[in-house]
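Asks: Please read through the structure below; I'll follow up with questions.
The values are calculated or read from the model by the stated rules, or taken from the named source; none is laboratory data. What you see is a predicted model; the values in this text were computed from it and never measured. Side chains are part of the model used for accessible areas, which takes the heavy atoms of the whole protein and leaves out ligands, DNA and RNA. Shrake-Rupley method; radii C 1.70, N 1.55, O 1.52, S 1.80 Å.
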Amino acid sequence: MTGDSTLVIVDAANVVGSVPDGWWRDRHGAAERLRDSLVPYAAEGIPGHTTGPVELVLVVEGAARQVVPVPGVRVEAASGSGDDLIAGLAAAAHGVRPCLVVTADRGLRQRCEAYGARCTGPRTVRPLPPSPGT
């Protein structure tokens, strides 16, 4: 998917780390679960932010570098800083197509917004689990 479709870049480490569900015991598996949960967004878009279809890119780093793409979700492995790769993807989209970056990292948000990207937090694609008793 290219052209005028929105590029949605997901900061895997930041989104996975936003929910204390034991992800640190299996970073690769947590990134795969996130990847799989993103598939519907490729066709449907991100509720409240984009309409589908969108090009969805999951940026992985560290122990999650070996996560492979699936239909609907492209996976980009950062050889160094995931933030640098995300900012580079946002920069490449600047003036070419709309871009939405999913991260809670304030510094990364500022870098991407400087390239015209819109930013949203992890809950957009990974709702918090219900609290006990709710």
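Asks: Would you mind estimating how fast the chain diffuses translationally, via Stokes-Einstein at 10 °C and 1.306 mPa s with the Kirkwood radius over Cα pairs, in µm²/s? Display every interim value, and only then the final one.
Replies: Numbers: Rh = 14.8 Å.
For these conditions, the coefficient is 108 µm²/s.
Asks: Remind me, relative contact order of the chain in percent, using alpha carbon pairs under 8 angstrom and six or more residues apart?
Replies: The value is 29 percent.
Asks: Oh, and also: What do you get for the angle between helix 27-44 and the principal long axis of the chain? Use alpha-carbon atoms, 0 to 90 degrees, nearest ten.
Replies: In the chain, helix 27-44 runs at an angle near 50 degrees to the longest axis.
Asks: Taking only protein heavy atoms and a 1.4 Å probe, what accessible area per residue, in Å², does the stretch 41-134 have with all protein chains in place?
Replies: About 52 Å² of surface per residue is accessible.
Asks: Normalised by the empirical 2.2 N^0.38 Å for globular proteins, what value does the Cα Rg of the stretch 13-71 take? List each step's numbers first, then the result.
Replies: Working: Rg = 12.1 Å, N = 59, 2.2 N^0.38 = 10.4 Å.
That works out to 1.17 for the stretch 13-71.
Asks: Quick one: pull the percent of accessible area on the chain belonging to carbon and sulfur, 1.4 Å probe, ligands and nucleic acids left out.
Replies: In the chain, the share of accessible area belonging to carbon and sulfur is 53 percent.
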